[in-house]
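Notes follow once the structure below has been shown.
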Amino acid sequence: MELKHIAGSTYYVDDDTNCNIGLYMLNDNRCILIDAGYEQEAQALLDYLYANSLAPAAIINTHGHVDHAGADKFIKERSGAIVYAPCGESWVIEKPELEMIGLTGTPSFGTLNDAFLRGRHCHTDVTLQPGVVTIYSVQLNALSLPGHSIDHMGIATPDNVLFCGDAVYTHEFIKKYKLPYISDVAATLSTLEYLKDMTYAYYVPSHGTVLRDIRSAVQENVKLLKDVLGYIVENLYEPVTREELCINIMKHYHVWMSMPQHFLMMSYTSAFLRYLYEGDIIGPVIENYSLKWKARV
């Protein structure tokens, strides 16, 4: 792990798992964490902070996914940190089985539990709404950036640094993971348009390098979404099931396959089907007890 300075009292921890954990210094020995990372990295994170004479006084989550809030409970129980989270994300931090139901249709699914349920189960002390949030006299700004998740937020520090969470992905991250997860295409496109016109000095995506100018990353994210939309419409000239379409998308974009990835990509595919269906670009076709989708003429 390495603590990297950005500006003023704003830092981030590179935790060796491709997750940037934001850190704002309250004083010489207390800090605010912006996201907390995976549960399995929580002890190492605490050890690193304590070795640098730092103790987390608060955790402010951008959203509730396991790679961001998985360590919340572990850190809270050992440090007394107050946990903040967007209102619409606190439910999955407190009860991640609800996220599992959304992905798989059931609250528990054997070995998938390690991927989707590990960590969290943590009470959220304060739920966030967009706007200024004061934590130990420090004024942070919570910005609504939905799309990756239902109530995803970005957190801006007084040093003109925006922690973006998973609202935007860097070129390197897209190159490696091909199709980063989103749950709502329309909300994602609106968020990216919103981010494009922002004027922060620094932008810190949760995965990837710190950016001084976010516009090129936004453009690449928008281009990818529109490319996927175009690919789907082109491939729905004949009726296709959601699972068949998901397989075709993964093959076309060379997405690696695993059991957890299957469920994530099925959810990802649903997000695009919803966008196209609500835009009256595709329609449902029922054949032999099978729900399929076809582009409208």
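Which distance in Å, rounded to a whole number, links the C-alpha centroids of segment 38-100 and segment 130-197? What the calculation gives is 18 Å, centre to centre. Is the shape of segment 84-185 rounded, prolate or oblate, going by the alpha carbon gyration tensor and its root eigenvalues a ≥ b ≥ c, with a/c under 1.5 for rounded and a/b larger than b/c for prolate? Oblate. For the pair E172 and K4 in one chain, pulling the backbone fully straight at 0.36 nm per residue adds 58.6 nm over the alpha carbon distance. The trypsin sites (Lys or Arg not before Pro) of segment 190-297 that DSSP puts in a loop, and whose beta carbon has at most 12 other beta carbons within 10 Å, are R212, R296. Structure note, pairs K226/K292; K4/K76; K73/K223; K4/K196; K176/K196; K73/K196: Cα-Cα distances above 31 angstrom occur for K73/K223; K73/K196.
Full extension from C87 to S216: what is 0.36 nm times the residue separation minus their Cα-Cα distance, to one decimal in nm?
On the way: separation 129, 0.36 × 129 = 46.44 nm, distance 3.04 nm.
Extra length available between C87 and S216 comes to 43.4 nm.
Relative contact order (percent) for segment 172-297, with alpha-carbon contacts under 8 angstrom and 6 or more residues of separation? Before the final figure, lay out the partial values.
Values: 118 pairs, mean separation 36.9, N = 126.
The normalised contact order for segment 172-297 reaches 29 percent.
Residues in the chain average 45 Å² of solvent-accessible surface per residue, probe 1.4 Å, ligands and nucleic acids excluded.
If I stretch the segment between L224 and D125 completely, what's the gain in nm (0.36 nm per residue apart, minus their alpha carbon distance), one decimal? Don't jump to the answer; show the numbers that get you there.
Numbers: separation 99, 0.36 × 99 = 35.64 nm, distance 3.70 nm.
Extra length available between L224 and D125 comes to 31.9 nm.
Near I135, the amide H atoms lying under 5 Å from its own belong to L140; only residues 5 or more places off or on other chains count, and H is placed 1.01 Å from N.
Along segment 214-220 the Karplus relation, 6.51 cos²θ - 1.76 cosθ + 1.60 evaluated at θ = phi - 60°, assigns HN-Hα couplings of 8, 5, 5, 5, 4, 4, 5 Hz to successive residues, with x for each Gly and Pro.
Compute the FRET efficiency between K294 and S190 as 1/(1 + (r/R0)^6), taking r as their Cβ-Cβ distance and R0 = 22 Å, and round to the nearest 0.05. Spell out each step's value before the answer.
Numbers: r = 27 Å, r/R0 = 1.23.
Computed FRET efficiency for K294 and S190 comes out at 0.20.
Where a ≥ b ≥ c are the square roots of the eigenvalues of the C-alpha gyration tensor, would you call segment 229-273 rounded, which needs a/c under 1.5, or, failing that, prolate if a/b is larger than b/c, or oblate? In terms of gyration-tensor shape, prolate.
Quote the charge dipole size of the chain about the Cα centre in Debye, to the nearest 20; the model charges only the Cβ of Lys and Arg (+1) and of Asp and Glu (-1). Each step should come with its number before you reach the end.
Values: 22 positive and 35 negative charges, 83 e Å.
Computed about the Cα centre, the dipole is about 400 debye.
Here's how it looks for W293: its modeled amide H is under 5 Å from those of V240, T241, V285, which are all 5 or more places away or on a different chain. Here's the picture: charge each Lys and Arg Cβ at +1 and each Asp and Glu Cβ at -1 in the chain, and of L143, S267, G88 the one pushed furthest to the positive end of that dipole is S267. Under a 5 Å amide H cut-off, with hydrogens placed 1.01 Å from N, A55 pairs with R30, C31 among residues at least 5 apart or on other chains.
Packing order of peptides 264-272, 3-11, 141-149, 100-108, highest average first: 141-149, 264-272, 3-11, 100-108 (average count of other Cβ atoms within 10 Å over each peptide's residues). Of the GluC sites (Glu not before Pro) found in segment 1-69, not one falls in a DSSP loop while having at most 16 other beta-carbon atoms within 10 Å.
Give the average over all directions of the projected area of the C-alpha convex hull of segment 49-136, one decimal, in nm². If you can, show how the numbers build up before the last one.
Details: hull surface 25.9 nm².
Result: 6.5 nm².
Expressed as a whole percent, the accessible area of the chain that falls on carbon and sulfur atoms is 51 (1.4 Å probe).
The phi-based Karplus calculation (6.51 cos²θ - 1.76 cosθ + 1.60; θ = phi - 60°) puts the 3J(HN,Hα) values of segment 226-239 at 5, 5, 5, 4, x, 4, 4, 4, 4, 9, 10, 6, 10, x Hz, whole numbers, x for Gly and Pro.
Legend: calculated FRET efficiency, N248 to S108, from the Cβ-Cβ distance at R0 = 30 Å, rounded to 0.05, equals 0.50.
The values are calculated or read from the model by the stated rules, or taken from the named source; none is laboratory data. The structure presented is a predicted model; accordingly, all values stated were derived computationally and were not measured. Note that we place each Cβ from the backbone using ideal geometry, even for glycine, and neighbour counts take in every protein chain shown. Accessible surface areas use protein heavy atoms only, side chains included; no ligands, DNA or RNA. Shrake-Rupley method; radii C 1.70, N 1.55, O 1.52, S 1.80 Å.
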